[in-house]
Structure formats: C-alpha cells, structure tokens
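Step one of this worksheet: look at the structure below.
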Amino acid sequence: MVKNLLEAFTLPSSLDSSQRPFIVSGPCSAESREQVLETARQLSALGRVNLFRAGIWKPRTRPHSFEGKGTEALDWLVEARQETGIPIATEVANAQHVEVCLEAGLDVLWIGARTTVSPFAVQEIADALAGTKIPVIVKNPMHADLKLWMGAIERISETVGGPVWAMHRGFSSYGLKEYRNAPMWEIPIGLRAEMPDTPLLCDPSHISGNRTLIASVAQKAMDLGMHGLMLESHRSPDDALSDAGQQLTPQDLDTLLDGLTIRQSDAKPEQVDGLGAMRLQMDSLDEQLIELLHARMDLARDIGRFKLEHGMTILQLERWHEVLKTRSAWGNSLKLGPEFTSKLLEQLHKESIRVQNEEMIKKK
Ligand code: PEP
Ligand code: MN
C-alpha cells in the first residue's frame, strides 16, 4: 500500500484527463474510535479516496475549544487503515508529534498553516524527519507569503528522502469575507512557477469554511491543473467537534467529485499562462478591494452610531481635510494619479456620509 502511494506521489506536473485527482479525505479531527472507523468505512465504499486524513492535535485559534484526542487517536487511524486499506495521514506540529507518528507507522504527514509560518518549527520537524522517506505535505502559511511557503518546502526536502507536496489552503485576512481563507490564487500559481516539480494539492474545505463554496473552489483548483484535493468529511458533519460547517458527508463528497470537470493535461491550463494569470491576479485584487470597501463602510456605520450617541454632527470638516491630505500623500507616493485619488476619496466620503445618515435615520 505504501509503495502504491509513493508511486501515486510521483505524479506528473499536471493531470491527464484519464487520471482522477489525488483525493485526501477524512474528518477535520479524530473525535472517537467509532467516528474515525465509520467515516473511513463510508469513504472506502466510494472507492475513490487515496489518503485518509484526521487531525489528532488540533491547532485551535482560541484555547479551551476541542484540541484533539492526541496520541491515543493514532491507534484509531491505524485500525481504519487495516480495515479499509487506505493509507493514513495526520498533521504534525513539532518533533514529538513526528516521533510518535513515525512509531505508529503513518503513511503521510502534513504540516499545517499555523506551523508553516515558523521556520523554527518547520526546521524542528525537518530535523525529526531526517533520514526517513515518509511523504510530507506542506500547507501554505497563514498569510500570503510565497517565499515562506517555498522555504518550508525546501527545509523539509533537504532532510526527507520521500516526496514533498504543497497544499494550498488559502490565506487569513482581516474583516468580513466570502471565504474563510482568501484563495489568492496568484500565490499557488506563483509556487507552481517557482517550483514546477513540486506537486500541488488544494484544500477547498479550509478555503471555503462552509459547504456551499467547496465545489466551486475545487473546480477552480482543477482548472488550474492542481494535482489533488483535500476535502474534509465526517459521518455526521453537523455534530463535528471542529470545522462543522465545512465538512461533507462521504455521500456528498462523492457527488461533489462526480460534478468536477477535469481538463486535458497537455492543453496547458490557459489561466496559468500570460494574460490569463494576470487576469486571475486582477480578480483576486478586486475581490480584496471589494472586501476592504465593505469593511470600511461597516466601520462608517459604527462611527455613525457613535456620533449619534454623543450628539456629534456627521460631517466633521477638520477630519475630512485630514483624511484628504494624508490619503492624497499616500497615493502620490505610490504614483497614483492625483485626480484619480481625489475622486476616489470623494466617492468614499460621500458613501460614508450616506451610510452614517442611514444609521441616524434608523435610530430616530
Ligand atoms: C486541517 O487540515 O485540519 C487544518 C488545521 O488545516 P490548516 O492548517 O490549513 O488550518
Ligand atoms: Mn479542519
């Protein structure tokens, strides 16, 4: 089984239409023996999952939420492999995790986004893996830093004799947003350009954060010629102890995969080349612009409510002149046309006043 997996891990740099994408699936977290085994059984019945995943140590944003079952859950994964024949993977974040995973005989390890940001942590993992041939998947760091991602892949490749894959899971950004983690497709495209021999998977579950977006993100990854997908699945997603909103039932996973269009490999994914890549980058920048505008107007509403509570007028001329002056100077230093900057600021100001007015009318 491990041998087959290693063969699968030496995929060509893009997919042949006859090949299915490499599919990694399983729950966000291993929660109980039954949950792991039942989910693995249902996935196995689909006959299209190449690697079974489950988090054992969960890096949660805030303490006191479910932080995983730890080492005891490794046995559940091993049992799932015995029963289904599907190789098993989990996330490692330090040398001790690596040690127990190697001892338990896991087939693949992955490094999570919160770990990839730290060269110290990545180096510690690389050192703990030295001399082994275990395949490792390196997720992108939390923030959109291509070099940091490449650095982590390099650190792992320098000590591990097995294949190293990259995984795009999107990037954390401030404010309200459509995606849990902004895809910023230009970054994985950049990785492919810089490291063409490193196979690249996509994790639409963590990009989306909710079930409704997963299919479109997965399709886009396929359109860009990515080699595989990691999709979280759970026997009962709504009861999941972590990432409940983004997990699929094995049945829904099957339907989603059926709906994907896998394009010809040698017809280069046109979006990756020239104009297509630049347009993709433009789409991503516009998406970020719109999100920022949305956040700005939300803040304007808060300011409107504050002014109302404190009996202040909406238009504060002194503040407006200050805004105009500082922003024009920033725009100028970045070589934006002065007329463009001032028109844009005027429009922003007008809209801020409009939404603040709306708040005042609401409260009256
Ligand atoms: C995960 O795969 O469960 C996970 C924690 O992912 P990420 O590191 O992408 O947040
Ligand atoms: Mn998760």
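The values are calculated or read from the model by the stated rules, or taken from the named source; none is laboratory data. All values derive from a computational prediction rather than experimental measurement. For neighbour counting, all protein chains shown are included, and Cβ atoms are generated from backbone atoms with ideal geometry for every residue, glycine included.
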Inset, instruction - Check segment 169-181 and report whether any residue there is buried (at least 22 other Cβ atoms within 10 Å of the Cβ) and out of contact with any Gly (no Cβ under 6 Å at 6 or more places or on another chain). - result: yes
Inset, instruction - Residue by residue through segment 53-72, note down the ones that are more than 9 Å from ligand 1 (Cβ to nearest atom) and either within 17 Å of Ser233 (Cα to Cα) or not assigned by TED's automatic domain parsing to the domain that holds Val100 (or both). - result: Ile56, Gly68
Inset, instruction - Would you mind stating whether Ala329 is in the same structural domain as Gly170 (by TED's automatic domain parsing) and closer than 27 Å to Tyr174 by Cβ? - result: no
Inset, instruction - Kindly indicate which of Ala218, Ala244 is within 16 Å of ligand 2 (Cβ to nearest atom) and closer than 20 Å to Trp57 by Cα. - result: Ala244
Inset, instruction - Only strands (runs of 3 or more DSSP E) wholly contained in segment 90-186 count here; list those with 1 or more residues that are within 16 Å of ligand 2 (Cβ to nearest atom), of a type in the set (D, E, K, R) and modelled with pLDDT of 95 or more. - result: 136-139
Inset, instruction - Tell me, please, whether a residue that is modelled with pLDDT of 95 or more, within 16 Å of ligand 1 (Cβ to nearest atom), in a helix (DSSP H, G or I) and in contact with a Pro (Cβ under 9 Å, 6 or more places away or on another chain) can be found in segment 20-38. - result: yes
Inset, instruction - Output the number of the condition that Ala73 fails; it satisfies all remaining conditions of (1) more than 16 Å from ligand 2 (Cβ to nearest atom); (2) over 24 Å from the mean Cα position of the chain (by Cα). - result: (1)
Legend entry - Options Leu200, Leu213: the member that is crowded, with 18+ Cβ neighbours inside 10 Å and more than 16 Å from ligand 2 (Cβ to nearest atom): Leu200
Inset, instruction - Kindly indicate whether any position in segment 223-233 is under 19 Å from Gly26 (Cα atoms), in a helix (DSSP H, G or I) and out of contact with any His (no Cβ under 6 Å at 6 or more places or on another chain). - result: no
Inset, instruction - Name every residue in segment 305-336 that is polar (S, T, N, Q) and modelled with pLDDT of 90 or more, in order of residue number. - result: Thr326, Ser328, Asn332, Ser333
Inset, instruction - Can you run down the residue pairs with Cβ atoms below 7 Å, 6 or more apart or on separate chains, where the first is in segment 53-65 and assigned to a loop (DSSP other than H, G, I, E, B) and the partner is among the β-branched types (Val, Ile, Thr) and more than 10 Å from ligand 1 (Cβ to nearest atom)? - result: Ala54/Val36
Inset, instruction - State yes or no: is Glu359 surrounded by 15 or more Cβ atoms within 10 Å (Cβ to Cβ), more than 22 Å from Glu178 (Cβ to Cβ), in contact (Cβ under 8 Å) with a residue 24 or more places away in the chain and of a type in the set (Asp, Glu)? - result: yes
Inset, instruction - Please identify the pairs in which a residue from segment 311-340 that is under 18 Å from Arg296 (Cβ atoms) and surrounded by 10 or more Cβ atoms within 10 Å (Cβ to Cβ) has its Cβ atom under 7 Å from the Cβ atom of a residue that is among the polar types (S, T, N, Q) and at pLDDT 90 or above, counting only partners at least 6 apart or on another chain. - result: Arg327/Thr341; Ser328/Thr341; Ser328/Ser342; Gly331/Thr341
Legend entry - Filter result for Gln347 (among the polar types (S, T, N, Q) and at pLDDT below 90): no
Legend entry - Subset of segment 192-221 (residues that are closer than 29 Å to Glu158 by Cα, more than 13 Å from ligand 1 (Cβ to nearest atom) and in a helix (DSSP H, G or I)): Arg192, Ala193, Glu194, Ala221
Legend entry - Residues satisfying the stated conditions in segment 66-84, i.e. without any contact (Cβ under 8 Å) to a residue 12 or more places away in the chain and of a type in the set (D, E, K, R): Glu67, Glu72
Inset, instruction - Go through segment 238-252 and give me each residue that's more than 12 Å from ligand 1 (Cβ to nearest atom), not in a loop (DSSP other than H, G, I, E, B) and not aliphatic (A, V, I, L, M). - result: Asp238, Asp239, Gly245, Pro250, Gln251, Asp252
Inset, instruction - Test Ile86 against the criterion of being in a strand (DSSP E or B) and surrounded by 19 or more Cβ atoms within 10 Å (Cβ to Cβ), and give yes or no. - result: no
Inset, instruction - Taking Pro163 as meeting all but one of (1) closer than 21 Å to Leu231 by Cβ; (2) of a type outside the set (Val, Ile, Thr); (3) buried (at least 24 other Cβ atoms within 10 Å of the Cβ), write down the number of the exception. - result: (3)
